[in-house]
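Quick notes on the structure that follows.
The values are calculated or read from the model by the stated rules, or taken from the named source; none is laboratory data. Model, not experiment: these values are computed from the prediction. Cβ coordinates were reconstructed from backbone atoms using ideal geometry, including for glycine residues, and neighbour counts include every protein chain displayed.
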Amino acid sequence: MNLDLIFAILFYGLLFLFYLKHKNKFEVQDKMFALYKTKLGIKLMDKYAKIAPRFLVFLGYFGIVVGFLGMIFIFYILVKGTYGLIFIKNAQPVLAPVLPGLQIVPGLPVLSFWHWIIAIFIVAVIHEFSHGVFARLYNLKIKSSGFAFLGPILAAFVEPDEKAMNKKPKKQQLSILAAGPFSNILLAIVILLILNLVFLPLQTNFFKADGINLVNVEKGGPAELAGLKSGLIIKEVSNIKITDQKQLVSIIQNSNGDEIKLITDKGEFIIKPQKKQDTYYVGISIINNVVVKESIPGFILPLTKWFNMLFFWLWIISFGIGLFNLLPLGPIDGGRMFYVAMQNFFDDKKAMKLFKIVSIFCLALIVVNLLPYLLKLFNWIINLF
């Protein structure tokens, strides 16, 4: 049973019912982009814009610098990755669609539906709220805010007065445009700190050492001759309780070749270390075996793991969306920043022409990188039926 698929069907079913009930409040653009316009959060944006305006102005200018550095970085990565896909065998795409129920990148865990929807919601709200705060910082009217659908893709939006924005100084325009991606990158940094300074120590305290896990046994070695097999848990060595692999290694190396009695979870074994060069060995690969402490309630570990995974995906998605939005592409923030910047060097006509050329080039690079995933998605959908 694919729970992610069931949750997705139920979620989008409820959203579709909401759309049908409030259809008159939706504005549909190009027959596929549906916006639900509200005034939600506008007063709060105005409030935050007035708390420390001088600091926000500085932060906005810093965001512009980070934005253009991020634009150069992600553009370079995209060009390099596309070159690798075309000319280098077994190269991996540098872009990946963030979809629940699928392994986005080999080695990463599968993204669950609820982790996906919660992370996307948080990232989108912070992104758009930041745009709104900086728009109000420069006394730019916010016409509406709300959420939107681009097909199945969820989004949030803040709608400033575009005509008034185009009349603002270039620095202010860039500051407003860079605010969304910059806030996502800042969020990713904060989340990474939380993962390393909170979740990692917290989860470490849930476990205790309980013997040594025998990972691998060398064929023909002393351990195999004694009957040891991989998967055993070594509890004691010659009546000494073992809690650390270094402790076991030290006993073996200082054995002088004398027989050692190992007590495991599957019985006792007598092993005779052999001399190899200047030390003794038994031919095993080991790691510390850890178990959950008895004092930890059963529900705590799964709950902590769930939130740990939520923060992990929030870090990945926030950083990824922040960088992607800095690409010099079409209507996204990076594209608009690129166009505004080009107006400082060229007249509007030439700036627009250059903007279109770079956007088309970026779009081509994205399509090349997404092709492997689109084929996988197509096969996954076919296999459902």
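Of note:
- Just one of the listed residues (V158, V133) is over 14 Å from the mean Cα position of the chain (by Cα), modelled with pLDDT of 90 or more and assigned to a strand (DSSP E or B), namely V158.
- Extreme residue, surrounded by the fewest Cβ atoms within 10 Å (Cβ to Cβ), among residues of the stretch 295-317 that are under 13 Å from the mean Cα position of the chain (by Cα) and β-branched (V, I, T): I316
- Restricting L365, L370 to those that are buried (at least 17 other Cβ atoms within 10 Å of the Cβ) and out of contact with any Lys or Arg (no Cβ under 8 Å at 6 or more places or on another chain) reduces the list to L365.
- Residue within the stretch 333-345 that is part of a helix (DSSP H, G or I), assigned by TED's automatic domain parsing to the domain that holds L150 and either modelled with pLDDT under 90 or polar (S, T, N, Q) (or both) present: no
- The criterion of being closer than 30 Å to L193 by Cα, β-branched (V, I, T) and surrounded by fewer than 22 Cβ atoms within 10 Å (Cβ to Cβ) does not hold for I357.
- Within the stretch 32-67, the residues that satisfy the criterion of being assigned to a strand (DSSP E or B) and among the hydroxyl-bearing types (S, T, Y) are Y36, T38.
- Selected residue [in the same structural domain as M309 (by TED's automatic domain parsing), surrounded by fewer than 16 Cβ atoms within 10 Å (Cβ to Cβ) and within 27 Å of V133 (Cα to Cα)] from L14, L56, L40: L40
- Lone qualifier among N369, N308 - being farther than 30 Å from L85 by Cβ and of a type in the set (S, T, N, Q): N308
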